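S.K.: If you scroll down you'll find the structure; I have some questions about it.
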Amino acid sequence: MSDKIITKMLPDELRQELSDHCTHYANRRVGLIWVMQQLQAHYDGWLPDHAIYEAADIVGVSAPEVEGVATFFNWFFRQPVGKKIIVTCDSISCYLGGCDNNLEHLENKLGIRLGETTPDGEYTLLPIVCLGNCDKAPCMMVGDDLHSNVTPEMLDSLFEKYNNSPVQNVLAGGTD
Amino acid sequence: MADKVKITIDGVVREVDAGTNILQAVLDEGQIIPHFCYHEALGPAGACRMCACMIAPGPDKPARLEMSCMVRASEGMIVSVNDDYALKFRKQVSEDLMLHHPHDCPVCDEGGECMLQDMIVLTEQQHRRDRFPKRTWVNQDLGPFVYHEMNRCIQCYRCVRYYRDYALGDDFGVFGSRDRLYFGRVEDGTLQSEFSGNLVDICPTGVFTDKQFRTHYSRPWDLQTTRSVCPSCSVGCNVLPGYRNDTLRRIKPAEQPAVNRFFMCDRGRYGGEFVNHETRLTEARVEGSVTELDVALKSVADRLKEIARQHGPASIVGFGSERSSLEANAALQLLMKGLGSNRVCYFDNQDRRAAVRRAASITASGEVSVPTLTEIEQADFIMVLGGDLTAEAPMMDLAVRQSIAKGNPLFICSPRAGELDQFARASWRCVPGEEATIASFIGSVPAGTEATEDNFVHTVAAALQKAKKPLIICSVLHDDPSLIEAAFSLAKATTAYGSRTCSLAYFFPAVNSAGVALVRNDENPDSVMADIEGGRVKALVICERDLAATTQGNLPPWLSQLEFVVTIDSIETQTVQASHAVLPCVSHYQSFGTLVNYECRAQAYDGMHLPSHVNLAASEVLTALIQHAEIEDMIGGTDFQDIYDVTRESNLHMDRLRVGDNGCVIRTSPKLPPPSRKNQKDNDADLDLRLWHVYHTFGSEELSSLSTAMKERAPEFVIEMNPEDAEAKGLSDGAHYDLTNQCGIAAPLRINDKLAKGTVAVPVFINLKRTADAEALL
Amino acid sequence: MAEVKVLTKNFDLQNPGEPVFLEKYASNGGYEGFRKALKMTPAEAQQLVKDSNLRGRGGAGFPTGMKWSFVPMDFEGQKYLVCNCDEMEPGTFKDRALIQNDPHQLIEGMLISAYAMQMTKGFIFVRLEYRSGSAILDKAIAEAEAKNLLGKNILGSGFDFHLETHLSAGRYICGEETALLNALEGKRANPRSKPPFPQVRGFLGQPTIVNNVETFSNMPHIFANGAEWFNGLGLTGNAGTKIMGASGRFKRPGLWELPLGTSTREIMEEYAGGPSRVAWKCIIPGGLSTPLLVPDQFDTPMDYDTVAKVGSRMGTAGIIAFDEQDCMVAATANIMKFYARESCGFCTPCREGIPWIYQIVKAIAEGRGMPTDMEVLDDMSKHILHTFCAFAPGAQGPLLSAITIYRHEFDAKIDSNKLYGSASPQEEKSPQFQKAGV
């Protein structure tokens, strides 16, 4: 660990808050996902190596258990991601609605392929399975915003808005 | 005995235990259903889908494809292993599993004993239809014991289930999901479990292979294998040393239902390098010059007889060893009898002698029930008294972990926390010597007392009174006879709480401690040493014992006063170097004999036949010495029972012992020797703190610590102290701390809050270059 | 058949407005069902659910009353109630509508269920992509707590129930109830072996009931109006209404609440407005994991039993339609991509088999097929039936029917291939995981 880069400090108050949350359950481990989501929000949308150990320490489970969870679920990232995460649904209804064209347009527009982050660190482009919005296919999410009936033309105007938006749409996980 | 049910397997009616899973039932019948994720120790998982069979609950019921490991046998069940549908399904699973396997068999260490290969061949899956790229992985460096090659993985989950759920390790896991599963550590680094080497055996293919075996690899089918007993602790695990040409290549556990079933600890597995060690003795030496063995034997025999004539027979004493076989120790007894001396001494001090002999006679008395490892796994309450079970009897620790894994309580009372303390429901740190008091407090708590959070004694007593299969485990390594007594009293007292009995297991300093403790004729070491210092003893015959081993590597000063010291051993110990004559014997893994483990189970073992100049076991060297001294007449008629205090039945059983059988539990005559108290003449008398010897899993055992890999795993050489004591003394972490006068060592100080206040802990490191290491640290 | 407003009585599925919060919900008969339940004993309440013949609305259709009856009522420790709102089945989007529009309906349904089984703690397991819906639920829970409809001694009855939302970190397999419980416990969401069933040993080893959002949402109405009324809603013997959906090749895709047993064709033509381009080729009737239905099966009434009789399943009743211009090979490739990506990786046929199937179907679709591929697909489509959980059998549904019914399309693609047998050009990268080699 000593030779690893520490991206950011974990403030004591936040650590305490996360730890307190876990006491709320019959087993502290129930709080793990929430704790990891909060840590991810704190560390700019991804979980650096030290966050795995921090989560393990806060919740009281072993680091491999945390790493096992972090690498299992779709919404934990172990590599840096952009300020806005774009997920485009490519399941069947969106496929029928033409999501492949949208994706191609998006890849060209952003200059990255699925799974990559733009060099300026603004966007990460990921595939997602069904967003539960199939009657308005194809759809995608940018940060917290759901966009329905997406077309290549619509993408152009959409990104004008996002490119100019100063707001960071970091995936914050649970916000209660 | 479990109830039996009749099930039909491929048309043949078999009687099996009710509730056993079908796969195990079939395997027990000597048939095989291909399988990967199922392991008898780990149970079913249902992950690999390889053991699929057609199973119908009864004659008129429809058969369905089921995983045989997941189905429990019930009366009338019909199992079709070789049904076409099942065969086809299993063949398809084989194809699935081989999609991403690298087919790197020519360079794979697992070759020749690859379960994956065996099972794939069984399913007759021979052709690859996949044409897509295989996935690849980056491997990890997992330390000196285990080599990692993730690309071979078939994702059966055995490793993670073993490492985390069975061995309770916390630095290994499964990462990723879907077809991208990775089994390893969060980052590169040495596996911390003391049982990591079992990954090599548990992995059905070559993901985890033996890194030490790699350093002198041989194809497994070129290895010759014998069946032996591991010499590194008093559990006495059965092992299979594999050798080729003139070297030991690796050690694997041998299945022994009464002792270790599938596993062994890393100390045993990787601790066999002493066989090949550069310091092993190859020639006899007399007064510093290399001599033919026959000439040396004759010369030593003459010299001993001469000393007996000159100074009287009582001037010669035999020093036996807790790591020598019953046979070698018996031969030493005979030699001493033949020389007319009859003086034999086995222990370094009277406290150890009292503790070991008392514990062994309690164990062999039959007055308490002494559990096998399997019975330890089934205990529903465990209390460990004294010592550090993980380091001092590792496989007993692994058995305890099975009880913990079922949610049973563990309590520990010891001066210093070990690895097992993290699983304890409560631990009590006391100064050395106080464990006995705590144990007697627990035994005297009246029935019906409730557990209270801040009262360790009440908490333990309450749990103990509720338990149905309680077990007390007690260390005999710390020379405290009163603790032995207290553990015995506690076990006896607690049987009064109900109809159930409380089991008791002592673990001993060495592999045959319990065996030599049953010797009838054994002198008080303190009086022998007084005789040596007083010049009344002129000669010693030392058999497989390093006098520096338990004294922090310092030879006793009186050794140089002796006129003649002859040592029989296989390696160049400090004692060998200080001897006038040296008679070489073969190493443990090349010799044969009988060893008695912690349950007083006598087990016969056999040796490897390495081509070497040295051919005789220690017992044979001693017998040859008797012959050369021409003293056979003096010892004629002495039989086993004259030497060892065992019952006639035990004697008869022992005559029939065979290598690889279940051994026999020795019983001694019912009268126990009187209890004794710890000798108050402590060598820590001029210290205000009590001295505690820390045995480490890696580095503290005499033979295994000669292995290079063991040195890598040995912890740092430090003296430990509780923060409060350190503060009172004005010492800080890393300060130089000199205990040369008290126990012969000086080392950096390490503050340890898991060490009892009022205690100073020093490590027992035997073959590590302690002085150089310590100096380098300072 | 007209739409029946039971679950949707407070909102319009086609033009949803603002979420219905407590004031409006209560003014329209909200929490009446719960007040009625409180007057019953828990055993009577359970019996009412049994009598209603309500079946699980999450896809499997297991009778809810029977599921509940396995909970040991004499168990003295903590029991848990969990709502499965991990809606990720492609073509299914009903739960989103229910939680976003009428959160109190779900809360009241859970409250009634908790009372019937004397459970005092509950979780709503919400997928992360529905975080806006989860926020609405959180607000509704706070409202209910403020009015003593949740918490301790609810409405003076002596009954306690604490409810909270859990935002999942997202995996399709979490929809499987035992995997969901693992995820809720902070573990990897691998399914557990059954037995023991969750009713006996579920969340943290305690008795637990997991039901779908729509299942719970039916409770207030069953308790307000009775079992007989509920049974009378269905047209073909299956009780109640169902939120039916349509997506894919429709003029007006959407959601409608319709009686169980409504004709599939009626949904497709009357409600969804008919085909959007050319004539339909086939449909997947109930979310992705159900076998295809072809046009001459379109008159099948949409209910549990009848759809099963024609060889498919009603599932979640989210119809996905394909038309004559859709290539079924490419569509199958897309379907298998979903399953390959979402497999949890626990058992072999699913972990290794489905990605292989995906590779093959994709290769065929892209003109890289080989004649031997169909033999592999035939073998594999049967093989993936025997897996640890229902995930891979779910994948088998559309796969097996596609390669059986549209085999000529597969054969034609293989015959006309241009890139004979070459490998797939490139794999997706994933920021979730770093240990992969090159």
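All of the numbers you see were taken from the coordinates with simple rules; none came from a lab. Because the structure is predicted, anything quoted here is derived from the model rather than measured. With ideal geometry, Cβ positions are generated from the backbone for all residues, glycine too; neighbour counts draw on all protein chains shown.
S.K.: Where does the charge balance sit around A:K161 when Lys and Arg score +1, Asp and Glu -1, over other residues with C-beta under 12 Å from its C-beta?
M.R.: -2
S.K.: Please label the shape of segment B:427-504 as rounded, prolate or oblate, based on the square roots a ≥ b ≥ c of the eigenvalues of the alpha-carbon gyration tensor (a/c under 1.5 means rounded; beyond that, a/b larger than b/c means prolate, else oblate).
M.R.: oblate
S.K.: Local charge sum around B:R250 (other residues, Cβ-Cβ under 14 Å, Lys/Arg +1, Asp/Glu -1)?
M.R.: Once all neighbours under 14 Å are counted, the net charge is -1.
S.K.: Going by alpha carbons, how many degrees (0 to 90, nearest 10) lie between the helix axis of C:354-365 and the longest principal axis of chain C?
M.R.: 50
S.K.: Continuing with this model, one more query. What is segment B:51-123 by shape, rounded, prolate or oblate, if you read a ≥ b ≥ c off the alpha carbon gyration tensor as root eigenvalues and call it rounded for a/c under 1.5, prolate for a/b larger than b/c, and oblate otherwise?
M.R.: Prolate shape, in that a/c is at least 1.5 and a/b is the bigger ratio.
S.K.: Quickly estimate the mean residue ellipticity at 222 nm for the protein assembly as shown, helices only: each DSSP H run with n ≥ 4 gives -39500 (n - 2.57), and the total goes over all residues, rounded to 500. Intermediate values should be presented prior to the final figure.
M.R.: Values: 49 runs with 456 residues, N = 1392.
Rounded to the nearest 500, the figure is -9500 deg cm²/dmol.
S.K.: Continuing with this model, one more query. What is the Cα convex hull volume of segment B:513-671 when expressed per residue in Å³?
M.R.: It comes to 156 Å³ per residue, whole-number rounded.
S.K.: On to the next question. Binning at 10 angstrom from zero up to the longest distance, how are the C-alpha pair distances of segment B:200-247 distributed in percent?
M.R.: Result returned by the calculation: 22, 46, 32, 1.
S.K.: For chain B, give the magnitude of the charge dipole about the Cα centre (Cβ charges: +1 Lys/Arg, -1 Asp/Glu; no others), in debye to the nearest 20.
M.R.: 1620
S.K.: Follow-up question, since we're still on this one. Average partner chain C-beta neighbours within 10 Å, per residue of C:382-389?
M.R.: Across C:382-389, the average partner-chain Cβ count within 10 Å equals 5.
S.K.: Net charge around B:L464, counting only other residues with Cβ within less than 14 Å of its Cβ (Lys, Arg = +1; Asp, Glu = -1)?
M.R.: Here the count lands on +4.
S.K.: Another question, then. Projected onto the charge dipole of segment B:294-358 (+1 at Lys/Arg Cβ, -1 at Asp/Glu Cβ, origin at the Cα centre), which of B:A355, B:Q310, B:C345 gives the Cα projection farthest towards the positive end?
M.R.: B:A355
S.K.: Right, here's the next one. About the Cα centre, and with charges only on the beta carbon of Lys, Arg (+1) and Asp, Glu (-1), how big is the dipole of segment B:4-81? Nearest 20 debye, please.
M.R.: Its charge dipole is roughly 200 debye.
S.K.: Whole-Hz ³J(HN,Hα) for each residue in segment B:738-743, computed from phi via Karplus 6.51 cos²θ - 1.76 cosθ + 1.60 with θ = phi - 60°, x for glycine and proline: what do you get?
M.R.: Karplus values, whole Hz, x for Gly and Pro: 10, 10, 4, 6, 7, 9.
S.K.: Using θ = phi - 60° and the Karplus relation 6.51 cos²θ - 1.76 cosθ + 1.60, list the HN-Hα couplings for segment C:118-133 in order, rounded to whole Hz, with x at every Gly or Pro.
M.R.: 6, 9, 10, 10, x, 10, 10, 8, 10, 5, 4, 5, 9, 5, 5, x
S.K.: Name the longest site-free stretch of chain C, where the excluded sites are GluC sites (Glu not before Pro) in a DSSP loop with no more than 15 other beta-carbon atoms within 10 Å.
M.R.: On the way: sites that count: C:E76, C:E324, C:E427, C:E428.
That gives C:77-323 as the longest site-free run.
S.K.: Using only Cα atoms, find the angle between the long axis of helix B:84-98 and the longest principal axis of chain B, and express it within 0 to 90 degrees, rounded to the nearest 10.
M.R.: The answer is roughly 60 degrees.
S.K.: Out of all DSSP beta bridges in chain C, what portion is antiparallel? Express it as a percent rounded to 5.
M.R.: 45
S.K.: Which residues' amide hydrogens lie under 5 Å from the amide hydrogen of B:K252, considering only partners 5 or more residues apart or on another chain, with H built in the peptide plane?
M.R.: Here the answer is B:L240, B:G242, since their amide H atoms fall under 5 Å of that of B:K252.
S.K.: Still on this structure: Which angle between 0 and 90 degrees, to the nearest 10, do you get for helix B:350-365 versus the longest principal axis of chain B when only C-alpha atoms count?
M.R.: Rounded to the nearest ten degrees, it is 50.
S.K.: Projecting each Cα onto the charge dipole of chain B (Lys/Arg +1, Asp/Glu -1 at the beta carbon, about the Cα centre), which of B:S619, B:L385, B:A728 comes out farthest on the positive side?
M.R.: Of B:S619, B:L385, B:A728, it is B:L385.
S.K.: Here is a further query. Please compute the alpha carbon radius of gyration of segment B:597-677, then divide it by the globular-protein estimate 2.2 N^0.38 Å. Two decimals is fine.
M.R.: This ratio for segment B:597-677 stands at 1.42.
S.K.: To continue, here is another question. Which aspartates and glutamates, if any, have their Cα less than 12 Å from the Cα of B:K468, not counting same-chain residues under 8 positions apart?
M.R.: Excluding near neighbours in sequence, the set is B:D380.
S.K.: Could you pull out the pairs from B:K337/B:K492; A:K109/C:K362; C:K24/C:K121 whose alpha carbons sit more than 31 Å apart here?
M.R.: Going by Cα-Cα distance, B:K337/B:K492 fall outside the 31 Å limit.
S.K.: Also, quick follow-up: Using +1 on the beta carbon of Lys and Arg, -1 on that of Asp and Glu, and nothing else charged, what's the dipole of segment B:528-662 about the Cα centre, debye to 20?
M.R.: Charge dipole of segment B:528-662: 240 debye, to the nearest 20.
S.K.: Follow-up question, since we're still on this one. Antiparallel versus total DSSP beta bridges in chain B: what percent is that, nearest 5?
M.R.: 55
S.K.: When we measure straight from the Cα of B:K729, which lysines land under 20 angstrom away, once same-chain ones fewer than 8 places off are left out?
M.R.: Within the straight-line limit of under 20 Å, B:K729 reaches these lysines: B:K754, B:K757.
S.K.: Can you work out the Karplus-derived ³J(HN,Hα) for every residue in segment B:15-32? Use 6.51 cos²θ - 1.76 cosθ + 1.60 with θ = phi - 60°, whole Hz, and x for glycine or proline.
M.R.: Calculated HN-Hα couplings, in order: 9, 10, 5, 4, x, 6, 7, 4, 4, 5, 4, 5, 4, 4, 7, x, 8, 9 Hz.
S.K.: Hey, another quick one. Where a ≥ b ≥ c are the square roots of the eigenvalues of the C-alpha gyration tensor, would you call segment B:612-655 rounded, which needs a/c under 1.5, or, failing that, prolate if a/b is larger than b/c, or oblate?
M.R.: Working: a/c = 3.98, a/b = 1.53, b/c = 2.59.
Oblate is the answer for segment B:612-655, as a/c is 1.5 or above yet b/c matches or exceeds a/b.
S.K.: Would you mind telling me which residue in C:T300, C:T348, C:T215 has the biggest mean-square fluctuation in a Gaussian network model of chain C, where springs connect alpha carbons within a distance under 10 angstrom?
M.R.: Looking only at C:T300, C:T348, C:T215, the largest GNM fluctuation is found for C:T348.
S.K.: Compute the semi-axes of the equivalent ellipsoid of the protein assembly as shown, taking the square root of 5 times each eigenvalue of the Cα gyration tensor, and list them largest first in whole Å.
M.R.: In descending order, the three semi-axes are 68, 34, 30 Å.
S.K.: Need the C-alpha centroid separation for segment B:231-305 versus segment C:211-286, integer Å.
M.R.: 79
S.K.: On to the next question. P(r) for segment C:190-334, please, calculated from all Cα pair distances in 10 Å bins and given in %.
M.R.: Spelled out per bin, shortest first, that is 11, 34, 29, 19, 7, 0.
S.K.: Could you list which residues have their amide H under 5 Å from that of B:R750, counting only those 5 or more apart in sequence or on another chain, with H placed in the peptide plane?
M.R.: B:I719, B:E720, B:M721, B:G734
S.K.: Can you give the percent of C-alpha pairs in chain B whose distance is more than 44 Å?
M.R.: On the way: 90547 of 302253 pairs.
Distances greater than 44 Å cover 30 percent of the Cα pairs.
S.K.: Moving on to the next point. How many percent of DSSP beta bridges within chain A run antiparallel, rounded to 5?
M.R.: 55
S.K.: Here is a further query. So if I take the centroid of the Cα atoms in segment B:410-472 and the same for segment B:159-206, what is the distance between those two points in Å?
M.R.: One Cα centre to the other: 32 Å.
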